[in-house]
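The block underneath contains the structure these notes are about, expressed in structure tokens.
We did not get these values from a lab; they are worked out from the coordinates using the rules stated. This structure is a prediction, so every number in the text was calculated from the model and none was measured. For neighbour counting, all protein chains shown are included, and Cβ atoms are generated from backbone atoms with ideal geometry for every residue, glycine included.
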Amino acid sequence: ENSSYFELGSDYKIIQKRYGLEDSEMFDYLNKPALDDAISKNKIIRFSHNPLDYEKGAIVDEWEYIKAVLGKTDENLVKIGDYWYVR
């Protein structure tokens, strides 16, 4: 109820191809607004996978963006159960 979830799944490549967008543009146009909305509404942000386990990709970009906007560090990513929460 008070969580945010964002995933395009198989539609990602369809949207990207249809509009001729690079990965960075997809992130700017889709991921950032979803994150900004969650942040502005003080929603719980959780990851299904640990962003620290990846070197690149949307999950890394999302975590870096969250850290920059909220002034967080990797220490603010906490695993509880099967998810990694931003604290």
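Values computed for the structure shown
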| quantity | calculated |
| --- | --- |
| The chain: calculated mean residue ellipticity at 222 nm from DSSP helix runs of at least 4, using -39500 (n - 2.57) | -11000 deg cm²/dmol |
| Point-to-point label distance, LYS56-ASN76, nm (Cα→Cβ direction, 7 Å offset) | 2.6 |
| Charge dipole magnitude, Cβ of K and R +1, D and E -1 - the chain, Cα centre, debye nearest 20 | 200 |
| Cα-based Lys proximity count in the chain, under 21 Å, for pairs eight or more positions apart or on separate chains | 18 |
| Beta bridges by DSSP in the chain, antiparallel share as percent, to the nearest 5 | 75 |
| Structure-derived Kirkwood radius over Cα pairs in Å: which label, when the choices are (i) 12.4; (ii) 18.0; (iii) 13.7 | (iii) |
| Normalised contact order of the chain, rounded percent, pairs of Cα under 8 Å and 6 or more residues apart | 29 |
